[in-house]
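Reviewing the structure listed below.
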Amino acid sequence: MKTNRIWSWLFVALAVLYFVLPLIGTLEFSMKMRRGTYSFDAYAAVLSDPRFQQTFTFSVLMALATIVVGVLLVVPTAYWVRLKLPQWRPFVEFITLLPLVIPPIVIVFGYIRLYNTSSWLPLTGSAMGTNILLMFGYVVLALPFMYRAVDTGLRAIDVRTMTEAAQSLGAGWVTILARIILPNVAVAVLSGAFLTFAIVIGEFVMAALLSRPAFGPYMQLLGANRAYEPAALAVIAFGITWLCMGLIQLVSRFSRIPNAGH
Amino acid sequence: MSLAWLGILPFLLFSLLFLILPTMKIVVGSFQDSTGAFTLSNIVNLFQPSILAAYWISIRISLASAFLGCLIGFLVTWAFVLGGLPGWIRSPLLTFSGVASNFAGVPLAFAFLATFGRVGLVTLILRDWFGINIYALGFNLLSFGGLTLTYLFFQVPLAILIMTPALDGMRREWREAAAILGASGVQYWRMVAFPILWPSLLGTFALLFANSFGAVATAYALTGSSLSIVPILLFAQIRGDVLQDPHLGYALAFGMIVVTGIANGIYIWLRARSERWIK
């Protein structure tokens, strides 16, 4: 067993080296903007760029809208499938897993062809319509994670008994969903929401092909034209991802459901 | 006739409009000519050298990053699940894997440019401290090897996340039972552990394959359009019809669905097999 442990430490140490080096490299590079000394000039340049503020705000709003629509779509569906339609479960699960099979670039290609200005539903004809289309695209991307998180959350509670108890007290469907089911799967919903946020905030392909002023295309554009600012952006983006995952851990700790996020 | 299915009508409508129909549009379009009549010529046209080369390099990068991702992910997972490491190491490793597997796209490309690019940290350290100029030795971040190295940053953590439950299911008793019957370490791995684990190993492989095959953002931010892999070719095609044949674009996308579909089909099939062991 002694040699085993030496190998184990070796593998983990090599992996840590591989994962830490790019982070150190990026951090170091992002601080080299001023010649001969370390500074936060690149960060100042990025943060004061009005296009950074605009695109970042756009993507944050997009992520929040995606989360709201995703929750409104997924929670009632997962609840209803558990309560009334157990025979539909494999089918619904299959659909929610499809976005992992069909690459996002193909899905957005389909949107462009299906919802162009000469189609029956010309969503890409206006800025608002395109925003809505992009948001629906993000809901699709988030679907596998959101559905699995919520479904795991529902598994831990007795959906049927809660529903019947609420009904016998005179509650309608909206009341049951909003005041009984949602609070009971709040931790799972939050896990899914933070993961969705992390995915949407830096998403590139869909936003670029629908020509929306989102954070992902902005980062790409900056990367093609600048040297040090992209490294600063990478550090910021890594921080955001880390924050989202940390929040998932934090909310999971307050619940009995282990690992609702994955 | 029960009307209970009406409860998931919004979900069905949503997935029809924004997932199924857009995909069907691409699939159908790849079997149509510009007048809308049925044809196989788009599919046939995929078999021209430049497009085949794009598929080939995409498949090679996906195979390499999936294989190495599985191998490294397996070794690391084995190390902290079964390798006798202290227990505190597990939680931070898994949390970090959750972060890194989601840290893909444009910022990942920046991170690797800042580290392994021509003036990146590792490049400079190797050159100034060890006298090794990796670029003179033929390394290029904007190439097959460079892209594979970059993709491993999200592939390895994903492999760790998927394999941890499988390796958690390996009982200590199995190893002890094998040892009592006189099995050596190699025999235990060859005849007990590996046959149990191989469906989840291959399943992980299939998922990682599809994961890197569909990735656009990292490669695009890293290489622009200088490296002609399928997703980047499709990206350029959607933006500006570089193939000068819209329906060939459909066929290109259809080919991507076929490849990732096969990879995921294998994954689903193998997962069903591997879960028979995890009770």
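Only helices enter the 222 nm calculation for chain A: every DSSP H run of n ≥ 4 contributes -39,500 (n - 2.57), and dividing by all residues gives -24500 deg cm²/dmol, rounded to 500. Which is the longest run of chain A containing none of the trypsin sites (Lys or Arg not before Pro) found in DSSP loop states (not H, G, I, E, B) with at most 14 other C-beta atoms within 10 Å? That would be A:36-255. Once you sort the root eigenvalues of the Cα gyration tensor of the stretch A:17-69 as a ≥ b ≥ c, which label holds: rounded (a/c under 1.5), prolate (a/b larger than b/c) or oblate (the other case)? In terms of gyration-tensor shape, oblate.
Taking amide H atoms as placed 1.01 Å from N in the peptide plane, the amide H of B:Gln32 lies under 5 Å from those of B:Thr39, each 5 or more residues away in sequence or on another chain. When a/c reaches 1.5 or more, the comparison of a/b and b/c decides; with that in mind, is chain B rounded, prolate or oblate per its Cα gyration tensor? The shape class here is oblate. When the Cα positions of B:Gly203, B:Gln244, B:Ser50 are compared along the charge dipole of chain B, B:Gly203 comes out farthest toward the positive end, with charges on each C-beta of Lys, Arg, Asp and Glu. Taking B:Pro231, B:Pro107, B:Pro195 in turn, the Gaussian network model of chain B (Cα-Cα springs below 10 Å) assigns the largest fluctuation to B:Pro195.
So how far, in whole Å, is the C-alpha centre of the stretch B:111-185 from the one of the stretch A:9-58? Rounded to whole Å, the Cα centres lie 22 Å apart. One Cα centroid belongs to the stretch A:223-250, the other to the stretch A:69-96; the line between them spans 33 Å.
When Rg and Dmax are taken over the Cα atoms of the stretch A:135-257, they come to 19.1, 65 Å. Pair-distance distribution of the stretch B:51-98: all C-alpha pairs, bin width 10 Å, starting at 0; shares per bin in whole percent are 23, 35, 22, 14, 5, 0. Largest mean-square fluctuation among B:Gly169, B:Gly261, B:Gly182, in a Gaussian network model of chain B whose springs join Cα atoms under 10 Å apart, belongs to B:Gly182.
What the pair-distance distribution of the stretch B:152-265 shows, using all Cα-Cα distances binned every 5 Å from zero, is 2, 10, 15, 14, 13, 11, 8, 7, 6, 5, 4, 2, 1, 0 percent.
Debye-formula intensities of the protein assembly as shown, expressed as log10 I(q)/I(0) at q = 0.06, 0.07 Å⁻¹, are -0.31, -0.43 (one equal scatterer per alpha-carbon, no solvent). The chymotrypsin sites (Phe, Trp or Tyr not before Pro) of the stretch B:35-102 that DSSP puts in a loop, and whose beta carbon has at most 14 other beta carbons within 10 Å, are B:Phe47.
Can you tell me the dipole magnitude for the stretch A:49-253 around its Cα centre, using point charges on the Cβ only (Lys, Arg +1; Asp, Glu -1), in Debye to the nearest 20?
Charge dipole, the stretch A:49-253, about its Cα centre: 240 debye, nearest 20.
Computed from point charges on the beta carbon alone (+1 for Lys and Arg, -1 for Asp and Glu), the dipole magnitude for chain B about its Cα centre is near 580 Debye. In terms of Cα atoms, the Rg and Dmax of chain A work out to 22.2, 74 Å.
This model, with +1 at the C-beta of Lys and Arg and -1 at the C-beta of Asp and Glu, gives the protein assembly as shown a dipole about its Cα centre of some 940 debye. Taking the charge dipole of the protein assembly as shown about its Cα centre, with +1 at Lys and Arg Cβ atoms and -1 at Asp and Glu Cβ atoms, the residue from A:Phe204, A:Gly137, B:Phe139 reaching farthest to the positive side is B:Phe139. At an R0 of 60 angstrom, the distance between the Cβ atoms of B:Phe139 and B:Leu9 translates into a FRET efficiency of 0.65.
Every number here is computed from the coordinates shown, using simple stated rules; none is lab data. For clarity, every value in this text was computed on a predicted model and none was experimentally measured. We place every Cβ from the backbone using ideal geometry, glycine too, and count neighbours over all the protein chains shown.
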